[in-house]
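Here is the structure we will look at.
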Amino acid sequence: MRCLSKFLSILLVFTCTCSLYAQTNSKTTADVVEVRLTEILDRVIQYHPLVRAANLETEKGKAGVLSARGAFDPSLQFQQNQKTSDNASYYQFQNFSL
């Protein structure tokens, strides 16, 4: 068992170094594009569907808070009712509220 694990570890190290060696020598320096971690994270935040859904949920929450705050805004209202018949005024009702 110990011999098998030793063989697998040597095989793993060999394949990792060969793949790294192949990646560095197969491309010229003109073909290699460096991408910074911040650029990758910015693209993930901008385009990943789960991140977009999470951003929409936060926007939905902000809209709910704004709507709740709007209930406390003052409003000026005016209501008028009147009844006339045969040029006789039966009643005239006006209601102002803030």
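Suppose R0 equals 41 Å; then what is the FRET efficiency for E59 and F96 from their Cβ-Cβ distance, rounded to the nearest 0.05? Before the final figure, lay out each step's value.
Numbers: r = 38 Å, r/R0 = 0.92.
Between E59 and F96 the formula returns 0.65.
Give me the net charge of A54's neighbourhood, meaning all other residues with Cβ under 14 Å from the Cβ of A54; Lys, Arg count +1, Asp, Glu -1. Walk me through the numbers on the way to the answer.
Numbers: positive: R52, K60, K62; negative: E57, E59.
Net charge around A54: +1.
Per 0.36 nm of contour for each residue apart, how much would the distance between L66 and N87 grow if the chain were fully extended, relative to their Cα-Cα spacing? Working shown, then result.
On the way: separation 21, 0.36 × 21 = 7.56 nm, distance 4.90 nm.
Gain on extension, L66 to N87, equals 2.7 nm.
Every number here is computed from the coordinates shown, using simple stated rules; none is lab data. What you are looking at is a predicted structure, and each value in this text was computed from that prediction instead of being measured. As a convention, Cβ positions derive from the backbone with ideal geometry for all residues, glycine included, and neighbour counts pool all protein chains shown.
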